[in-house]
Amino acid sequence: MPLLDPRKRFDVRPKRRRAKSFPRICVIGVSEPRPIPEIRIPTPDDEIDATRLCRRLAALKRALDDLDGQARRLARWKAKRDLGLNRTKYFSPMRPGWPPGRRKRPFHAVDDILAECHALALDLERRDTS
């Protein structure tokens, strides 16, 4: 279970299109055509499964309970990056782009707080605190 959202993809490949129908093949006189399945759109009153959310919150709690271990993990990652031993193409532990939940036109107080927190995180990343 990942602690954070996956990184944004900036590739130029088009999104995969999904079929909107399926073949209704039948043999006349032998089999009946299969019915077209109904696509049910969920309503706001429907119950949803919160298992993934609970797992993510539990992973976040474990990470916050072990801040020293997470700091050591980040330091090891940065040391490997500086030596060129990382197998990943990423040079920063921060997710590229805008933070999740950003709105172009903020209309809640939390939108301003999110922008400030993101700016602070980017500012701290630019400084060498070691």
- Message: Rounding to the nearest 10 and keeping the result within 0 to 90°, find how far the Cα-based axis of helix 67-83 lies from the longest principal axis of the chain.
- Response: 90
- Note on the structure: With the dipole of the chain defined by +1 on each Lys or Arg Cβ and -1 on each Asp or Glu Cβ, the option from 70, 14, 122 whose Cα lies farthest towards the positive pole is 14
- Out-of-range pairs (alpha-carbon distance over 25 Å; input 8/78; 15/78; 61/89; 8/80): 15/78; 61/89
- Can you tell me the dipole magnitude for the range 1-125 around its Cα centre, using point charges on the Cβ only (Lys, Arg +1; Asp, Glu -1), in Debye to the nearest 20? 920
- Task: Would you calculate, for the chain, the mean residue ellipticity at 222 nm contributed by helices, counting each DSSP H stretch of 4 or more residues as -39,500 (n - 2.57) and dividing by all residues, to the nearest 500?
- Result: -13000 deg cm²/dmol
- Note on the structure: Rounded to the nearest 10 degrees, the helix 109-126 long axis (Cα) sits at an angle to the longest Cα principal axis of the chain of 60
- So how far apart, in nm, are the two label points at residue 40 and residue 53 if each is 7 Å from Cα heading toward Cβ? 2.0
- Item | Helix 51-65 vs. the chain, principal-axis angle (Cα, 0 to 90°, nearest 10) | 10
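Bear in mind that the values in this text are calculations on the coordinates, not laboratory data. Owing to the predicted nature of the structure, the values given are computational and were not obtained by experimental measurement. Cβ atoms come from the backbone with ideal geometry, glycine included; neighbour counts cover every protein chain shown.
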